1. Excluding residue 43 itself, what net charge comes from residues whose Cβ is under 14 Å from its Cβ, given Lys and Arg +1 and Asp and Glu -1?
2. Can you compute the label reach from residue 25? Point 7 Å from Cα along the Cβ direction, backbone N cut-off under 16 Å, restricted to the range 94-113.
3. Excluding the sites themselves, what is the longest stretch of the chain that contains no GluC sites (Glu not before Pro) in a DSSP loop with at most 11 other C-beta atoms within 10 Å?
4. Taking semi-axes √(5λ) of the Cα gyration tensor in Å as the quantity of interest, determine which of (1) 24, 14, 14; (2) 20, 19, 12; (3) 22, 18, 15 was computed from the displayed structure.
5. State the antiparallel share, in %, of DSSP beta bridges confined to the chain, rounding to the nearest 5.
6. If I model a spin label at residue 83 and residue 46 as a point 7 Å from the Cα along the Cα→Cβ vector, what separation in nanometres do I get?
Amino acid sequence: MAQADTESRSLARAALSLRCLPFRRRFYETVGEQPLSSTELAGRTEVPAPFTFLPLSSDRTEDHFLWLIRLGVLRREVDGQGLTERVRLTPMGRQLLRRWSGEIPRAGRRERILEALRRHRPRL
């Protein structure tokens with residue numbers, strides 16, 4: 001019972017983060033099929049941007065990747081020499097995407113502020 005409760009809290013926390021982060025559904029679908037690095041993502045200049053709601057630097061993208069890795073939504077790609085800078089979607093990430101049939105709904109301003117506080121000041 002405790003395992004299921006912990007799992008549902010983890011899914012709820014990750015779902016909220018997906019709604020607060022600037023990545024579109026297409027980003028998650030793409031990393032579900034092929035690995036992508038923060039440099040590759042930041043280098044894309046299509047208008048409108050297919051993967052993000054707003055332009056992101058490579059460093060900011062990497063910060064978001066690290067958060068999604070901590071939550072269990074993404075994992076680092078492994079090659080013959082170890083971990084790479086590229087990420088892939090985890091089974092948990094696939095499970096979260098199934099919650100929404102279309103674009104991931106954006107969180108409101110209040111939810112995004114609270115999520116940022118939880119993310120950067122977890123003890124508050």
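1. Here the charged neighbours net out to -2.
2. Residues 94-107 qualify, since their backbone N sits under 16 Å from the label point.
3. With a cap of 11 other Cβ atoms within 10 Å, the longest stretch comes to 47-102.
4. It is the one labelled (3).
5. So the antiparallel bridges in the chain amount to around 100 percent.
6. Inter-label distance under the simple model: 2.9 nm.
Taken together, the values in this text are just the output of simple stated rules run on the coordinates, not laboratory data. What you see is a predicted model; the values in this text were computed from it and never measured. For neighbour counting, all protein chains shown are included, and Cβ atoms are generated from backbone atoms with ideal geometry for every residue, glycine included.
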